[in-house]
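Data block below; observations after.
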Amino acid sequence: GEAINMLWDGQNIDFERSIINIKNRRGTKNIPPFNIKDYEDRTVPMPKWVAHLLVELQIESKEHCSFVFLAKDRYLKVIEKWNYFWQQGKSNQWRNRFLTNNVLREFKKHCRAAGINTTEKLTVHCLRKSYACNPADFAKVPIHTLLN
């Protein structure tokens, strides 16, 4: 959810300092709010290879979407739903899950297309966990070296 809620606004991704800022965001007329689970803003170091991939993504992405990882069709659905909440005066009823709807379904669809067995308990969170744990456990690579 934190990654999907990132915006190309210069605040979430700081290329100059090589950091990603995870922040609570108030809703505006055009963008729904985002609330971090523990409500505390945090900063995450951004490895050079991640910065490189994000620069490439930014170059390829169209100006149709303020969100880093939302496809145009999903973005349009989210904005339509957000506009309904905003116009009805129900912006305080918006939930983060409205933005991330169907992410797991799409993730598993792409895994199946790649020949990856999805009958096991496989989630997007598994990627996050395995990124840090697998090199540390199997190759005895200290986690801090993964950030370079």
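Rounded if a/c is under 1.5, else prolate if a/b beats b/c, else oblate: with a ≥ b ≥ c from the C-alpha gyration tensor eigenvalues square-rooted, which is segment 21-91?
Cα axes put segment 21-91 in the oblate bin.
For segment 1-119, what class follows from the C-alpha gyration tensor (a ≥ b ≥ c being the square roots of its eigenvalues): rounded when a/c is under 1.5, otherwise prolate if a/b is larger than b/c, else oblate?
Oblate, because a/c is 1.5 or more while a/b does not exceed b/c.
For segment 55-99, which chymotrypsin sites (Phe, Trp or Tyr not before Pro) are both in a DSSP coil and crowded by at most 12 other Cβ atoms within 10 Å?
none
List the GluC sites (Glu not before Pro) within segment 43-122 that DSSP assigns to loop and that have no more than 13 neighbouring Cβ atoms inside 10 Å.
Those that pass, being in a loop and sparsely packed, are E63, E120.
With the Cα gyration tensor of segment 10-60 giving a ≥ b ≥ c as the square roots of its eigenvalues, does the rule (a/c under 1.5 for rounded; else a/b larger than b/c for prolate; else oblate) give rounded, prolate or oblate?
Judged from the Cα gyration tensor, segment 10-60 comes out oblate (a/c at least 1.5, b/c at or above a/b).
Suppose a student asked you for the relative contact order of segment 1-134, using Cα pairs under 8 Å spaced at least 6 residues apart; what percent would you report?
Once normalised by length, the contact order is 23 percent.
Since every read-out is calculated from the coordinates, none of them should be taken as a lab result. Being a predicted model, the structure only gives us computed values, none of them experimental. Methodologically, a virtual Cβ is constructed for each residue, glycine included, from the backbone with ideal geometry; neighbour enumeration extends over all protein chains shown.
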